[in-house]
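These notes concern the structure reproduced below.
The values are calculated or read from the model by the stated rules, or taken from the named source; none is laboratory data. Since we're looking at a predicted model, the values are computed, not measured. All Cβ positions, even for glycine, are placed from backbone atoms using ideal geometry, and neighbour counts span all protein chains on display.
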Amino acid sequence: MRGIRKAFGPVKVLEGVDFELLPGEVHALMGENGAGKSTLMKVLTGVHKADAGEIEVDGQTVSMGSTTDAEKHGIAIIHQELNLIPHLSVTENLFLGRELNTLGLLHRRAMRQRAREWLAHVGMQSIDPDLPVARFSIGQQQMIEIAKALGQNARVLIMDEPTAALSERETDTLFALIRELRSKGTGIVYVSHRMEEIFVLCDRISVLRDGHFVGSRPIPGLSLDEVVQMMVGRSLEARFPTREVTPGEILLKVEQLGDKHVHDISFDLRAGEVLGVAGLMGAGRTELARLLFGLDKATHGRVLLDGQPIHTRTPVQAIHAGLGFVTEDRKAQGLVLDLSLRENISLPRVPSRAGIIDRATEKRQTQGLIEQLKIRTRDMELPVRALSGGNQQKVVLAKWLALKPRVLILDEPTRGVDVGGKAEIYQIINQLVKNGVAILMISSELPEVLAMSDRILVMHEGHATALLDAATATQETVMLAATGGH
Amino acid sequence: MTNRFSFGNGAALLQRLGSVIGLLLLLIALSVLSPDFLNAGNLLTVLRQVSINALIAFGMTFVILAGGIDLSVGAILAFTGAITAGVMASGHGMLLAIGAGLGLGLLLGVINGVLVSWGRVAPFIATLGTMTLLRGLTLSYTQGQPIGVSNNSFALLGDGYIAHLIPNPVVWMFGVFLLCAFLLRGTVFGRHVFALGGNEEAARLSGVRINAMKLGVYGLSGLLSAFAGIVLTSRLYSAQATAGSGYELDAIAAVVLGGTSLAGGRGWLFGTLVGALLIGFLNNGLNLLGVSSFYQQVVKGAVILIAVLLDRRK
């Protein structure tokens, strides 16, 4: 790939990126969230069309107009969220959209036979191709996806955070398979945030930063510090604004809270404190937040605010008690995209008298929050759909700030937000903390958790495995607890 | 920096005004094509015909905006009309009869709301069920016979005029339109209707009482259907068991023609009024032009399809 450029509207996501993959190479693609990794891979797989630049396969310039083109050239991607249909059988999934047939009549036996062969290629000969994929673990499902890609003669395999949901043993199995594929000449693009994996597994690394190509280096002889330097381009201190606040009284006390996903979680949260919640995907962090906010029903345990037990069986009660919840997926859960900024911001509590909206107060309040949070928009009447990711995230924050919550739960508050927007969101968090708001911040970005938290609660498979002081915690100690501590 | 209408931007404004432009074009075309079209008598007659559909369609707009659908409106109209007539036929006064009709409509709507909220039944299925059930109840209550009404003050409701000119149903239609438009744009309830239809999960997380809102919108739809049923019974001096057949589809057509998204969350009440008028004037115009009623349906169907296709292209 040479000189790839891509912009979405006014937002430039890729600004002249080069990328090269050799046969039999495991090539790490790294960069912070929002650096442009996934967009680059989407260009490569024909999901997005590049505005400029060219793609060559085997030295021939090709056009990647659609995912079908990518498939034709043997390029396959294994997404973080697997693309399997849970209730269909393994065979049906492997052949989805390209079923062997004569005039629409399926060749079931031939497909089952070939499914077995494909599964054997990835060391999964023991599984029954007639079972629905939902019956298999995430790790096994990933193997099934890889088998599917290989069955379609993929020569380039893109893996996006493949180990995020895997246990250690499953990760080992995956790595063994990747090494085997490499020896057979498959080129693998490995997208991951996990430094250790990169150094163990990959031959070469390419780094993107803010849509620019920073460089490619062979892994042997490269140090961790050099990689971080390439990714961040500056020291960590500059990314996270400092905060001089001493946490006050205990505000929220959670005792033995649990349901079927979350087991006996206890912690205190002080006014003016940020408690980070770290853990791998599926560790139960979002589930914990949902329990606190009354979206799921706790089966045991209790929650105290100011020493008084509170009952948050529904979001309405949680909001009334003084809680706010900035959800992980702002488009699906945080915003009503067709409604305006004003209507979204005031949604939890529309300024009104006797049910009649007080439009003047609503506008004043919205204007104040737009200025306070530096939301860049020319009009508060614009639908939030029209805003950039960072500004949308600020609208979600504004929505809760309007309520002046005492406890604010933030789930991945900077996901999909660019570096500049992140710094602004960190400043907003610091400002809130200064005003005595207690913050529970779930984040998968370790540097963010380490820099922004006072203490860090680490979760693993629904259990709290550690409560660390952020001042002394390191990426390693957090990861150790997040992977179950062995 | 804020404009008075929350249209968002020019493109959205144009999209919204599509139905209005369509209506104006239709009016101009009919005025040119038929000399009988453009006179006060004819126009007021059309408005009176439109009023029943419009009343139902206003309630339907709330339901559709909130992400639902209500197929039971025609059946509620027939059942509540029959009950209202029945109460009077058994010797009770007009006010009790109207109160019973409206109360029953509200209750039936709330039952729809309970089915789709706490019952978690898909709105299409829930209201299909209550529609069928109410049709049966209406037939057994009336034994298939019309129930006549001989109360003269009741007859004024649907058959009277203001200043010997404007039919009362037209007054009801515009009155209810103004009330509902305010409810939708000026109150917290209306705001929550948009939020619910736009993104139910985000609304729930923002503390919108989802289940109560659903009772509210289906209840309103039931109430307005009952009101339409009472006005219709009054105008016809009798309640018919089969009254309102197919009205649910006319109401949905008016809502969609008006530019409200069937997926919920986007739309406006004025569009529904325009949509109902479009259908009414189209019927009237085709009648005046002597088009056979068979072809009228073809034209009506084609207009709906074209309108929705144009809407999708933007």
| note | When the range B:167-194 is checked residue by residue, the ones that are free of Cβ contacts under 8 Å to residues at least 24 places away in the same chain, of a type in the set (A, V, I, L, M, F, W, C) and under 14 Å from A:Leu347 (Cα atoms) are B:Val188
| Based on what the data block shows, is B:Gly265 modelled with pLDDT of 90 or more, closer than 21 Å to B:Ile64 by Cα and within 14 Å of another protein chain (Cβ to nearest Cβ)? | yes
| remark: Only one of (1) out of contact with any Lys or Arg (no Cβ under 9 Å at 6 or more places or on another chain); (2) at pLDDT 90 or above; (3) surrounded by fewer than 18 Cβ atoms within 10 Å (Cβ to Cβ); (4) not polar (S, T, N, Q) does not apply to A:Gly185, and that is (1)
| If you scan the range A:305-355, which residues turn out to be among the acidic types (Asp, Glu) and within 8 Å of chain B (Cβ to nearest Cβ)? | A:Asp338, A:Glu343
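Suppose we keep only residues that are assigned to a helix (DSSP H, G or I) and not hydrophobic (A, V, I, L, M, F, W, C) within the range A:369-381. Which one would you say is farthest from the other protein chains (Cβ to nearest Cβ)? Don't jump to the end; show me each part of the working.
The first filter runs over the range A:369-381 and keeps only residues assigned to a helix (DSSP H, G or I), leaving A:369-372.
Now restrict to residues that are not hydrophobic (A, V, I, L, M, F, W, C): A:371-372.
Working: A:Glu371: 12, A:Gln372: 17 Å.
In this case the residue turns out to be A:Gln372.
Does the range A:421-432 contain any residue that is without any contact (Cβ under 8 Å) to a residue 12 or more places away in the chain, in contact with a helix residue (DSSP H, G or I) (Cβ under 9 Å, 6 or more places away or on another chain), away from every other protein chain (no Cβ under 14 Å) and within 16 Å of A:Arg270 (Cα to Cα)?
Initially, the range A:421-432 is screened for residues without any contact (Cβ under 8 Å) to a residue 12 or more places away in the chain, giving A:431.
This time we only want the ones that are in contact with a helix residue (DSSP H, G or I) (Cβ under 9 Å, 6 or more places away or on another chain), so: A:431.
Of the ones still in play, those that are also away from every other protein chain (no Cβ under 14 Å) are A:431.
Subsequent filtering for residues that are within 16 Å of A:Arg270 (Cα to Cα) retains A:431.
Yes, the range A:421-432 has at least one match.
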| field | Which numbered condition A:Arg290 misses (of (1) more than 25 Å from A:Ser444 (Cα to Cα); (2) crowded, with 22+ Cβ neighbours inside 10 Å; (3) charged (D, E, K, R)) | value | (1)
| task | Quick one: which residue in A:Thr366, A:Thr361, A:Thr414 is crowded, with 17+ Cβ neighbours inside 10 Å, within 14 Å of another protein chain (Cβ to nearest Cβ) and among the hydroxyl-bearing types (Ser, Thr, Tyr)? | result | A:Thr366
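Just checking: which of the helices (runs of 4 or more DSSP H) contained wholly in the range A:1-109 hold 2 or more residues that are within 24 Å of the chain's Cα centre (by Cα)?
Numbers: elements: A:37-44, A:67-72, A:90-94.
Once the helices (runs of 4 or more DSSP H) in the range A:1-109 are filtered for at least 2 residues that are within 24 Å of the chain's Cα centre (by Cα), what remains is A:37-44.
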| remark: Note on A:Ala35: of the conditions (1) out of contact with any His (no Cβ under 9 Å at 6 or more places or on another chain); (2) farther than 20 Å from A:Gly185 by Cβ, unmet is (1)
| field | Scope the range A:352-393; condition of a type in the set (Asp, Glu) and more than 18 Å from B:Ala195 (Cα to Cα); matching residues | value | A:Glu371, A:Asp379
| said: Yes or no: the range A:397-404 includes at least one residue that is under 30 Å from A:Ile250 (Cβ atoms), without any contact (Cβ under 8 Å) to a residue 24 or more places away in the chain, away from every other protein chain (no Cβ under 11 Å) and among the basic types (Lys, Arg). | reply: yes
| note | Condition set in contact with a Phe, Trp or Tyr (Cβ under 9 Å, 6 or more places away or on another chain) and of a type in the set (A, V, I, L, M), scope the range A:399-439, selection farthest from A:Ala289 (Cα to Cα): answer is A:Ala423
| message | If A:His320 satisfies all but one of (1) buried (at least 18 other Cβ atoms within 10 Å of the Cβ); (2) assigned to a helix (DSSP H, G or I), what's the number of the condition it fails? | response | (1)
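Could you list, in sequence order, all residues of the range B:149-184 that are within 14 Å of chain A (Cβ to nearest Cβ) and surrounded by fewer than 16 Cβ atoms within 10 Å (Cβ to Cβ)?
Taking the range B:149-184 and keeping what is within 14 Å of chain A (Cβ to nearest Cβ), we get B:179, B:181-184.
Matches in the range B:149-184: B:Leu179, B:Phe182.
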| field | Within the range A:266-290, considering residues that are within 14 Å of another protein chain (Cβ to nearest Cβ) and touching a strand residue (DSSP E or B) at 6+ places or on another chain (Cβ under 8 Å), the one nearest to A:Val254 (Cα to Cα) | value | A:Ala289
| field | Matching residues in the range B:160-183 - criterion: being modelled with pLDDT under 95 and either polar (S, T, N, Q) or in contact with a Pro (Cβ under 8 Å, 6 or more places away or on another chain) (or both) | value | B:Gly160, B:Tyr161
| said: Being in the same structural domain as A:Ala271 (by TED's automatic domain parsing) and under 19 Å from A:Val274 (Cα atoms): is that true of A:Val417 here? | reply: no
| request: Within the range B:244-256, identify whether any single residue is buried (at least 24 other Cβ atoms within 10 Å of the Cβ) and polar (S, T, N, Q), and answer yes or no. | output: no
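On the basis of being part of a helix (DSSP H, G or I) and over 28 Å from A:Thr474 (Cβ atoms), does A:Leu177 make the cut?
Yes.
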| query | Just for helices (runs of 4 or more DSSP H) wholly inside the range A:197-315: which have at least 3 residues that are at pLDDT 90 or above? | reply | A:285-292
| query | Got a sec? Which of A:Leu480, A:Leu457 is over 18 Å from A:Val417 (Cα atoms) and touching a Phe, Trp or Tyr at 6+ places or on another chain (Cβ under 9 Å)? | reply | A:Leu457
| request: Please work out which one of (1) crowded, with 18+ Cβ neighbours inside 10 Å; (2) outside the structural domain of A:Ala28 (by TED's automatic domain parsing); (3) within 24 Å of the chain's Cα centre (by Cα) is the condition A:Val227 fails and give its number. | output: (2)
| field | Filtered residues of the range B:185-227 (kept if away from chain A (no Cβ under 14 Å) and of a type in the set (Gly, Ala, Ser)) | value | B:Gly219, B:Ser221, B:Gly222, B:Ser225, B:Ala226
